[in-house]
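Have a look at the structure below before the remarks.
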There are 2 protein chains.
Amino acid sequence: MKVVKFGGSSVADAEQIKKVVNIIQQDEERKLIIVSAPGKSKLYDYKITDQLIKLFEASQESNTYDSYLDSILQRFSEIIHNLNINQAVLTSIEDSIYSVLESHLPPEAKLDEMKAIGEDSSAKIISAYLTECGMEATYLNPKEAGIIVSNEPGNAQVLDESYQQIYKLRKKKGIMVIPGFFGFSKSGELVTFSRGGSDITGSIIAAGVKADLYENFTDVDSVYTVNPNIVHNPKNIDVLTYKEMRELSYAGFSVFHDEALIPAFKANIPVAIKNTNNPQSEGTYIVAERKQHKQCVVGIASDAGFCSLYIHKYLMNREIGFGRKIFEILEEENISFEHAPSGIDDMSVIIHEGQLTPEKEEKIINKINHTLQPDTVQIEHGLGLIMIVGEGMLNTVGVTQKATTALKQADVNIRMINQGSSEVSMMFGVLEKDINKAIVSLYKVFFAE
Amino acid sequence: MKVVKFGGSSVADAEQIKKVVNIIQQDEERKLIIVSAPGKSKLYDYKITDQLIKLFEASQESNTYDSYLDSILQRFSEIIHNLNINQAVLTSIEDSIYSVLESHLPPEAKLDEMKAIGEDSSAKIISAYLTECGMEATYLNPKEAGIIVSNEPGNAQVLDESYQQIYKLRKKKGIMVIPGFFGFSKSGELVTFSRGGSDITGSIIAAGVKADLYENFTDVDSVYTVNPNIVHNPKNIDVLTYKEMRELSYAGFSVFHDEALIPAFKANIPVAIKNTNNPQSEGTYIVAERKQHKQCVVGIASDAGFCSLYIHKYLMNREIGFGRKIFEILEEENISFEHAPSGIDDMSVIIHEGQLTPEKEEKIINKINHTLQPDTVQIEHGLGLIMIVGEGMLNTVGVTQKATTALKQADVNIRMINQGSSEVSMMFGVLEKDINKAIVSLYKVFFAE
């Protein structure tokens, strides 16, 4: 049994939906279908979810929201017309929008209900079209599917009891089309996941039914070795391990939201990344273990927006408790850190810039000065991290040499290296302005030669 | 005014002491002389301090100690005879040994008094010989000099109030010869520093009198760029900064005990390392700041005997407080750590192996398992650290590339890199067995080409 998820561009218009149905028809193992809301396409330069949010906001501020409502309904109407399915589907979509607008829920819950309409409508349309094409297909609401979540609007967390419920779907006949992006709390409220949440839904369903494969259809042929916005037409990755994927996506790989795949990983379900527009392409498989490549580096990721908190105190390493106190201060300010390389008399803590405000920075520096009396404490902004990823790297001679040679050739100053704490990655800190030339040079050394 | 310290080999016999006096005569700024106990020499293959400890131990166990006593007295007697100075000095040394043997002090205090006799006798002999040579010289006991310390036998710490006392020595006339290695507690007990403590005494006196220079005479021409036991006849270092010296001596550089120079550093006194046997040689200067070398690496140090505590937990970096809890556990066991590189889901803590016993290891691992429920926790033994040191390294492109190329050429697998936490060093973790070939290759790349 395969769980198949189609992203926003795969369901953006009737033409795309026909491809989706074609893909489903190709393989009778494809029984559980998760769909996103219609995204951007050749015909439409906006995402339905964004329109729904604007509609909600206008309604909250008692502004006129007709233009948003019209564009949403017109788009669904066109899709339904072009697929030649029953107009009742459109009426049902229209009804659900009005029902949210007229409800007396608190604003946060109301917003979640509104946002969910995009995915919900996709699922209704696609199940209708599958039926129209002569297949046995039903729309399945996440509540019926068994997705039970915490009641945190916009940030739902799946509850473990869901999986038992979801497992029962194995017994159902025909194709089930489930809207992604939301679940229901124990008391019955609709709650959405964080953005990109259709990946999460697919991952939860795949884990729950113990699928043989979780296929994730997007608009790229595969996961690439480096960011294609930096290197033109880079090589693709055929097989990745979960660990490798996690390290890559952590440092800015954009195929997935960081943690969308965790339920599938935990249940040991292999994941395939495939292209709706080119389903013949092999795609990228993400698995628990893979055969060791000759070339142990599989991908290189990069991200900007980091800063480094640097603390120097003469004889620091004689002071038992120094590191603990620094971490305690960060914890009090609710700041998580990425890396914390330490020297004899120095310690650096790498932090996502997004977590800091000028006030918070000042507070942290004051606390450190007060508690630890260091000789120096300062924050350096504008750092980028580059992550070179591959299982087996730790035991391979020469990987570091290759990487540092590439950076030298690109005249990139290495501000920081962290190697050896992780078994599957090596991290370089560079100035943000150097990220692109660093990646170009690293790609050349590791993949193009 | 210069403070000059002579080490054990410089005062090992009459021939050496004549060199010392000659050096003192060459420069009238050399007014405060600190001396060690006689060490090994061409004529004697033992150190006086070791004999004094054996003498003490035999006396404690009521064994016969005559052979130790005889060899000590005979050696001093020979020195005194060959220098042709007053026999009263020998009588005074003999008296002080008997006085300790007959005292009713607790064993720890008695041992400290016995150990101090080596340095104390050196100072008496040399001041007598200086006088004999027609110079104005006096023996100055550390109590008279103003060295006030904490009452921790074998591990005295200087008290800040010493410095005011010591400053008064500037007004005294003539040359003062002070025995190294010990001071006196506020209540008047003699307490020794940790081994190598004559360096500490020199450093304290230099700081106290605000010397223009602290000259440290040993038996090497200079500080070397790498360990001369690994690389034959390596290049010397002409100027080092305090920071560089600290990082080098931390990782096994053997010229000094790790922290002997701290009082001088704190008082901003430049230090010169010179050779008693070749005083014409320029030696190595250790200063607060130096002009930037073209070659920014000044030295490479290495040390064995480390282990790595590795902790992996899926989604570790989302858990605020994880790092802090690990440090807390180590703190409870009174373990200080050297470096703590962390990855996304991993953290390694590098610890001096000497701090761990199998029982302690088990306790730490159990505590971590209990408190943090990690996926993996393990300790890897047999690690060596290599420290490449030089101010300005952080801002120089290509240093890392040079280093990793050298390690690759030597077929050394890099287990760990820590760069960027310190501004003056870069640390590589390798297997202990690889240290020597790594250093040979690094020396070639950084200094021989």
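The values are calculated or read from the model by the stated rules, or taken from the named source; none is laboratory data. Bear in mind that the values here come from a model prediction, so they are computed numbers and not experimental data. Note: ideal-geometry Cβ built from the backbone for every residue, glycine included; neighbour counts use all protein chains shown. The area values use the complete protein model at the heavy-atom level, side chains included, leaving out ligands, DNA and RNA. Shrake-Rupley method; radii C 1.70, N 1.55, O 1.52, S 1.80 Å.
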Worksheet item: Of all residues in segment A:215-231, which are closer than 22 Å to residue A:12 by Cα, open to solvent by less than 60 Å² (accessible area, probe 1.4 Å) and not in a strand (DSSP E or B)?
Response: A:220, A:221, A:222
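State all residues of segment B:380-401 that are over 17 Å from residue A:419 (Cα atoms), facing chain A (nearest Cβ under 9 Å) and of a type outside the set (A, V, I, L, M); if no residue qualifies, say none.
If the condition is that a residue be over 17 Å from residue A:419 (Cα atoms), facing chain A (nearest Cβ under 9 Å) and of a type outside the set (A, V, I, L, M), then B:395, B:396, B:398 are the ones that fit.
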Response to the item:
Condition set among the charged types (D, E, K, R), under 25 Å from residue B:151 (Cβ atoms) and under 28 Å from the mean Cα position of the chain (by Cα), scope segment B:63-114, selection surrounded by the fewest Cβ atoms within 10 Å (Cβ to Cβ): answer is B:108
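With respect to residue B:367, determine if the residue is within 9 Å of chain A (Cβ to nearest Cβ) and either open to solvent by 30 Å² or more (accessible area, probe 1.4 Å) or not in a helix (DSSP H, G or I) (or both).
Details: within 9 Å of chain A (Cβ to nearest Cβ): no; either open to solvent by 30 Å² or more (accessible area, probe 1.4 Å) or not in a helix (DSSP H, G or I) (or both): yes.
The answer is no for residue B:367.
Can you name every one of the strands (runs of 3 or more DSSP E) wholly within segment B:99-199 that holds 1 or more residues which are under 26 Å from residue B:78 (Cβ atoms) and of a type in the set (A, V, I, L, M, F, W, C)? Break it down into steps so the answer makes sense when it comes.
On the way: elements: B:137-139, B:175-179, B:182-184, B:190-192.
Because the criterion is at least 1 residues that are under 26 Å from residue B:78 (Cβ atoms) and of a type in the set (A, V, I, L, M, F, W, C), the strands (runs of 3 or more DSSP E) in segment B:99-199 that meet it are B:137-139, B:175-179, B:182-184.
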Response to the item:
Quick count over segment B:424-449, residues being at pLDDT below 85 and either facing chain A (nearest Cβ under 7 Å) or in a helix (DSSP H, G or I) (or both), is 0
Worksheet item: Which of the residues spanning segment A:326-364 are more than 8 Å from every other protein chain (Cβ to nearest Cβ), crowded, with 17+ Cβ neighbours inside 10 Å and more than 29 Å from the chain's Cα centre (by Cα)?
Response: A:326, A:329, A:364
Worksheet item: Quick one: how many residues across segment A:279-325 are touching a Lys or Arg at 6+ places or on another chain (Cβ under 6 Å) and away from chain B (no Cβ under 14 Å)?
Response: 1
Worksheet item: Of the residues that make up segment A:83-100, is at least one over 22 Å from residue A:191 (Cα atoms) and in contact with a Leu (Cβ under 8 Å, 6 or more places away or on another chain)?
Response: yes
Practice prompt. Using the structure shown, decide if residue A:380 is in contact with a Ser or Thr (Cβ under 8 Å, 6 or more places away or on another chain) and either assigned to a loop (DSSP other than H, G, I, E, B) or open to solvent by 10 Å² or more (accessible area, probe 1.4 Å) (or both).
Written response: yes
Item to complete: Keeping to segment B:426-449, report how many residues are among the β-branched types (Val, Ile, Thr) and in contact with a helix residue (DSSP H, G or I) (Cβ under 8 Å, 6 or more places away or on another chain).
Response: 2
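Look through A:392, A:398, A:305 and report the one residue that is without any contact (Cβ under 8 Å) to a residue 40 or more places away in the chain and surrounded by fewer than 21 Cβ atoms within 10 Å (Cβ to Cβ).
Details: A:392 fails: without any contact (Cβ under 8 Å) to a residue 40 or more places away in the chain; A:305 fails: without any contact (Cβ under 8 Å) to a residue 40 or more places away in the chain.
Testing whether each residue is without any contact (Cβ under 8 Å) to a residue 40 or more places away in the chain and surrounded by fewer than 21 Cβ atoms within 10 Å (Cβ to Cβ) leaves just A:398.
Among the residues of segment B:322-349, write down those that are among the aliphatic types (A, V, I, L, M) and not in a strand (DSSP E or B).
Filtering segment B:322-349 down to residues among the aliphatic types (A, V, I, L, M) leaves B:326, B:329-330, B:335, B:340, B:344, B:347, B:349.
Listed by number, the residues that qualify are B:326, B:329, B:330, B:335, B:340, B:344.
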Item to complete: Scan segment A:402-418 for residues that are open to solvent by 10 Å² or more (accessible area, probe 1.4 Å) and facing another protein chain (nearest Cβ under 7 Å) and jot them down.
Response: A:405, A:408, A:411, A:413, A:414, A:415
Worksheet item: For segment B:20-62, how many residues meet the condition of being within 20 Å of the chain's Cα centre (by Cα) and among the basic types (Lys, Arg)?
Response: 2
